[in-house]
Amino acid sequence: MAERVDHVDRIVQQWGAERPDLDVSPMEVIGRLKRLSRLVDAELKETFARHDLDFASFDVLATLRRSGPPYRLTPTLLMQSAMVTSGAISQRLDRLEARGLVTRTPSGSDGRSREVELTEEGYALIDRALPDHLATERRILGDLDEPRTAAFVAALRTLLGTLGDDPE
């Protein structure tokens, strides 16, 4: 069976014709990653919208939910998890608090700092949205069998490490 030709193949072929002196093979990976990211983002955006969420709101709610009881974190920990600025996390928290999905309360250990906690409504919403989100991700990956998925995960982990992505 012939391998599928995609948009990136055409780009690489065009560059090969125009600049045969250059090795454009990195475009085969990076170009596909960029296209894949846009397509995946569009699919996830639709899923989140069904739950009246966006990427940012889902990220905060999911981070709080997976933190375990009492589903409470400092804004700093949320900011680090989301890899955004303090201003961005403040805006996200303002929107979520206005919707009654999180509360901000003084920290029990340090009265000067605040903690963000899922409300019952926020907990229920993320628990409804998560299965739908996972179903979307499963559908996106549907054509990859387990060995291909494992190889893809390993390759992506390697690339992230190469670029200095540190889980801490």
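The values are calculated or read from the model by the stated rules, or taken from the named source; none is laboratory data. Treat the numbers as computed from the prediction; the structure is a model and nothing was measured. Neighbour counts run over all protein chains shown; Cβ positions are idealised from the backbone, glycine included. With ligands, DNA and RNA removed, areas are computed over all heavy atoms of the protein, side chains included. Shrake-Rupley method; radii C 1.70, N 1.55, O 1.52, S 1.80 Å.
For the reader, a short list of remarks on this structure follows.
- Region 43-59 - residue that is small (Gly, Ala, Ser) and open to solvent by less than 60 Å² (accessible area, probe 1.4 Å) and, of those, nearest to the chain's Cα centre (by Cα): 56
- Qualifying residue in region 10-19 (condition: acidic (Asp, Glu) and touching a residue at least 24 places away in the same chain (Cβ under 8 Å)): no
- Once region 99-113 is narrowed to residues that are open to solvent by 40 Å² or more (accessible area, probe 1.4 Å) and under 25 Å from residue 125 (Cβ atoms), the residue that is modelled with the lowest pLDDT is 106.
- Each residue in region 65-77 was checked for being farther than 17 Å from residue 108 by Cα, exposed (fewer than 15 other Cβ atoms within 10 Å of the Cβ) and not basic (Lys, Arg), and 1 pass.
- Listed by first and then second residue, the pairs linking a residue in region 149-168 that is closer than 17 Å to residue 30 by Cα to a residue that is open to solvent by less than 90 Å² (accessible area, probe 1.4 Å), with Cβ atoms under 8 Å apart and 6 or more places separating them unless they lie on different chains, are 152/144.
- Residue match in region 34-44 (condition: among the hydroxyl-bearing types (Ser, Thr, Tyr) and within 19 Å of residue 136 (Cβ to Cβ)): yes
- Residue check for residue 62: under 13 Å from residue 122 (Cβ atoms), exposed (fewer than 15 other Cβ atoms within 10 Å of the Cβ) and of a type in the set (A, V, I, L, M): no
- In region 115-164, the residues that are open to solvent by 70 Å² or more (accessible area, probe 1.4 Å), more than 19 Å from residue 62 (Cβ to Cβ) and part of a loop (DSSP other than H, G, I, E, B): 143, 145, 163
- Filter result (open to solvent by 90 Å² or more (accessible area, probe 1.4 Å) and farther than 16 Å from residue 155 by Cα) within region 23-34: 23
- Residue 64 vs. criteria out of contact with any Phe, Trp or Tyr (no Cβ under 8 Å at 6 or more places or on another chain) and touching a residue at least 24 places away in the same chain (Cβ under 8 Å): no
- Taking each residue of region 110-133 that is more than 19 Å from residue 94 (Cβ to Cβ) and looking for partners that are open to solvent by less than 50 Å² (accessible area, probe 1.4 Å) and polar (S, T, N, Q) with beta-carbon atoms closer than 7 Å, six or more apart or interchain, yields 132/47; 133/47.
- Single unsatisfied condition, residue 80 versus (1) open to solvent by 40 Å² or more (accessible area, probe 1.4 Å); (2) modelled with pLDDT of 95 or more; (3) not in a loop (DSSP other than H, G, I, E, B): (2)
- Test result for residue 94, in a helix (DSSP H, G or I), among the acidic types (Asp, Glu) and touching a residue at least 12 places away in the same chain (Cβ under 8 Å): no
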